[in-house]
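Everything below concerns the one structure shown next.
The values are calculated or read from the model by the stated rules, or taken from the named source; none is laboratory data. The model shown is predicted, which means the values in this text are computed figures rather than measured ones. Backbone-built Cβ (ideal geometry, glycine too); neighbour counts: all protein chains shown. Accessible surface is based on the protein model in full, side chains and every heavy atom, while ligands, DNA and RNA are left aside. Shrake-Rupley method; radii C 1.70, N 1.55, O 1.52, S 1.80 Å.
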Amino acid sequence: PEDTVTSSFASFIHGARPDHLSKTVRHRSKRMILDSIGVGLVGSTTHVFDIALRYCRLYSPVAVSSVYGKPGVKLSPTLAAFTNGVATHSMDFDDTWHPATHPSGAVLPALLAASQMLPPGTKPTGMDFLLAFNVGLEVQGRLMHFSTEAHDIPKRFHPPSVVGTMGSAAATAKLLSLSRAQCCHALGIAASLAGAPMANAATQAKPLHIGNATRLGFEAALLAARGMEANPFILDDIPGCSGFSAFYGVYQPKPLPAPGDHQEFLLEKQDIAFKRFPAHLGMHWVVDAALSVRNLFVHYAGSFSPALIRTIVLKIPVSKYINRPFPSSEHQARHSFQFNACAALLDGEVGLGSFTESSIHRQELRELLDKVVVEHPEDNVANFDKMYGEVALLLHSGDVLTGKCDTFYGHWRKPLSKESLLKKFRSNASHVLPEEKVETIISTVDNLENLSDSSQL
């Protein structure tokens with residue numbers, strides 16, 4: 001079918017060219033690639049990554065594609081994509097877009113693995129890689145705009161498990177130079193492999209959502225390349241027969257215009273949020289608010305003294321899965337407004353060490369958590385573009401100190417500087433790589449357009 005939403009997406013994937021990427025899109029997407037690699041490298045030190053890697057090594061006799069943080073270890077391409085996807089989301093440290101999803105982790109591991117899979121003489125260039133990455137981003141972003149539900153913090157499906165799987169299929173279809181018809185079928189196959197419930201947020205299973213998205217989208221493209229077919233109307237709204245619309249209560253799809261012809265990529269208009277510490281994005285508002293009020297408190301009292309505090313009031317949006325008064329594990333702590341506010345108040349920062357068992361179960365932190373009261377103002381909506389965080393300290397003296405954050409540093413409205421992004425990458429990558437290799441990755445990504453063989457990445 002020519003005039004359908006699905007066919008328009010297939011035409012876009014097949015027809016996108018490097019010259020369709022503006023300078024801004026190339027710049028922003030390279031920042032995403034660098035950050036995602038760094039997050040994946042430090043994620044390779046986690047327990048959940050170790051579980052995933054040990055599992056994959058049971059079923060991967062073909063050693064082709066590299067694994068984050070494990071020199072000399074290679075897996076079959078799809079299992080390498082899965083393992084690296086798990087690493088990327090193992091600390092909830094990866095980038096976030098609006099409408100809400102984690103776009104890079106669902107696409108980048110598949111492209112890295114696919115680049116190594118292709119035989120010599122057919123390796124994609126760095127520009128091919130960059131184009132495929134942006135095709136994967138664009139498909140995710142366009143699909144999220146089909147439903148008003150996607151603009152708010154999710155309640156049913158974890159977005160990267162839904163749109164991320166489709167983005168991975170699109171990106172790898174582009175990198176593998178699939179035909180227009182094959183691109184269409186790759187999307188249809190990916191839709192049958194997509195979806196994960198929000199109930200597994202704050203558990204060790206949540207990183208599997210990214211691992212599965214990047215792996216299963218990759219597999220969808222490989223199956224389509226080998227002749228498997230799927231419903232050619234998968235993205236269209238067909239009454240009485242759900243396709244991709246099954247993931248949303250409200251679904252209004254629109255054709256994706258052909259690349260070029262003054263049609264901008266979404267990344268041109270909507271930048272990405274990069275996290276400064278490894279926790280759910282919503283935590284960044286309350287941490288910045290808590291740090292602000294902590295500074296006021298230190299100026300007021302001379303030092304931070306919890307004994308002077310009677311009550312801690314958090315004003316946050318309604319979102320059940322990140323409203324956790326007393327988290328008992330690192331994954332729960334990464335999804336707890338209360339924990340992150342109190343950790344920031346107590347330590348003056350939140351970082352990798354904040355989520356260790358010893359840090360989570362400190363007596364002084366538990367005493368602060370006991371003082372927390374949560375309020376949900378009507379104007380504080382569960383939307384990453386509109387929400388705010390407010391932390392008020394009600395002191396025994398009767399005084400009240402308040403800190404508020406409308407836009408944290410790293411949000412798309414307040415992007416990380418080049419220096420801050422490089423500092424984050426170097427800190428993350430140095431956990432598993434020597435300095436010279438860390439700097440080589442930075443240089444390689446910065447000059448990605450000129451790379452003759454993207455598998456070198």
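Given a 1.4 angstrom probe, I'd like the percentage of the accessible area of segment 173-237 that is carbon and sulfur, rounded to a whole number.
Carbon with sulfur: 52 percent of the solvent-accessible area.
Considering the options S354, V374, H158, tell which one lies farthest towards the positive end of the dipole of the chain, charges being +1 on Lys and Arg and -1 on Asp and Glu at the Cβ, about the Cα centre.
About the Cα centre, the residue reaching furthest to the positive side is S354.
What stretch of the chain, leaving out the sites themselves, is the longest with no GluC sites (Glu not before Pro) in a DSSP loop having at most 15 other Cβ atoms within 10 Å? Walk me through the numbers before you get to the answer.
Values: sites that count: E2, E229, E264, E349, E378.
Maximal segment without exposed cleavage sites: 3-228.
Bin all alpha-carbon pair distances of segment 281-405 at 10 Å intervals from 0 and give each bin's fraction as a whole percent.
Result, from short to long distances: 14, 50, 32, 5 percent.
Of the trypsin sites (Lys or Arg not before Pro) in segment 17-126, which ones lie in a loop per DSSP and count no more than 16 other C-beta atoms within 10 Å? Don't skip to the end; give the middle numbers.
On the way: sites: K23, R26, R28, K30, R31, R54, R57, K74; in loops: none.
Answer by residue number: there is no such site.
Which one of L21, G217, I272 is farthest out on the positive end of the charge dipole of the chain, using unit charges on Cβ (Lys, Arg +1; Asp, Glu -1) and the Cα centre as origin?
G217
If you average the C-alpha positions of segment 285-349 and of segment 155-226 separately, how far apart do those two centres end up, in angstrom?
Cα centroid to Cα centroid, the span is 36 Å.
Around V374, under 12 Å between beta carbons, what's the net of Lys plus Arg minus Asp minus Glu among the other residues?
Here the count lands on +2.
Can you tell me, using C-alpha contacts under 8 Å and at least 6 residues apart, the relative contact order of segment 281-405 as a whole percent?
That works out to 42 percent.
Filter K315/K386; K404/K424; K414/K437; K155/K206 down to the pairs with a C-alpha to C-alpha distance above 19 Å, please.
Violating the 19 Å limit, Cα to Cα: K404/K424; K414/K437.
Out of residues 5 or more away from T311 or on other chains, whose amide H comes under 5 Å of its own, with H placed 1.01 Å from N in the peptide plane?
Correct list: L394.
List the relative contact order of the chain as a percent without decimals, with contacts defined as Cα pairs under 8 Å and 6+ residues apart.
Reported relative contact order: 21 percent.
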